[in-house]
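> This structure is in structure tokens; I'll ask about it shortly.
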Amino acid sequence: MSFSETMIQGMSFAEAMHGMLLMTVLASIAMIFRPLLKGIGRAFVLVIRQRITARAELAQRRALHAERVVAARG
């Protein structure tokens with residue numbers, strides 16, 4: 001007997017309908033609040049992986065350029 005057959009035989013119709021209703025409600029909430037959830041996700045990504053600021057990027061370029069100049073002069 002497969003897993004799905006065991007689940008179907010052990011589940012009543014009311015339990016199956018309750019599960020379907022719960023999944024439908026969760027999907028509906030996710031659809032309604034999708035823009036909010038996307039914004040929270042983007043904010044979380046920015047907290048974890050912060051962007052390099054323009055000043056930091058300029059400092060990195062200047063340091064790299066200085067290393068190259070020193071290496072070229074020998």
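> Among the residues of the range 30-38, is any basic (Lys, Arg), under 16 Å from the mean Cα position of the chain (by Cα) and not in a helix (DSSP H, G or I)?
Looking for residues that are basic (Lys, Arg), under 16 Å from the mean Cα position of the chain (by Cα) and not in a helix (DSSP H, G or I), one finds none in the range 30-38, hence no.
> Are any residues in the range 7-16 open to solvent by less than 100 Å² (accessible area, probe 1.4 Å) and in a helix (DSSP H, G or I), and if so, which ones?
Those that are open to solvent by less than 100 Å² (accessible area, probe 1.4 Å) and in a helix (DSSP H, G or I): 7, 14, 16.
> Is one or more of the residues making up the range 43-50 surrounded by 10 or more Cβ atoms within 10 Å (Cβ to Cβ), modelled with pLDDT under 95 and among the aromatic types (Phe, Trp, Tyr)?
Within the range 43-50, one or more residues are surrounded by 10 or more Cβ atoms within 10 Å (Cβ to Cβ), modelled with pLDDT under 95 and among the aromatic types (Phe, Trp, Tyr).
> Go through the range 18-32 and report how many residues are open to solvent by less than 100 Å² (accessible area, probe 1.4 Å) and not small (Gly, Ala, Ser).
4
The values are calculated or read from the model by the stated rules, or taken from the named source; none is laboratory data. Keep in mind that what you see is a predicted model, and the values were worked out from it rather than measured. Please note: Cβ atoms are built from the backbone with ideal geometry, for glycine as well, and neighbour counts cover all protein chains shown. In case anyone asks, the SASA skips ligands and DNA or RNA and just uses the protein heavy atoms, side chains included. Shrake-Rupley method; radii C 1.70, N 1.55, O 1.52, S 1.80 Å.
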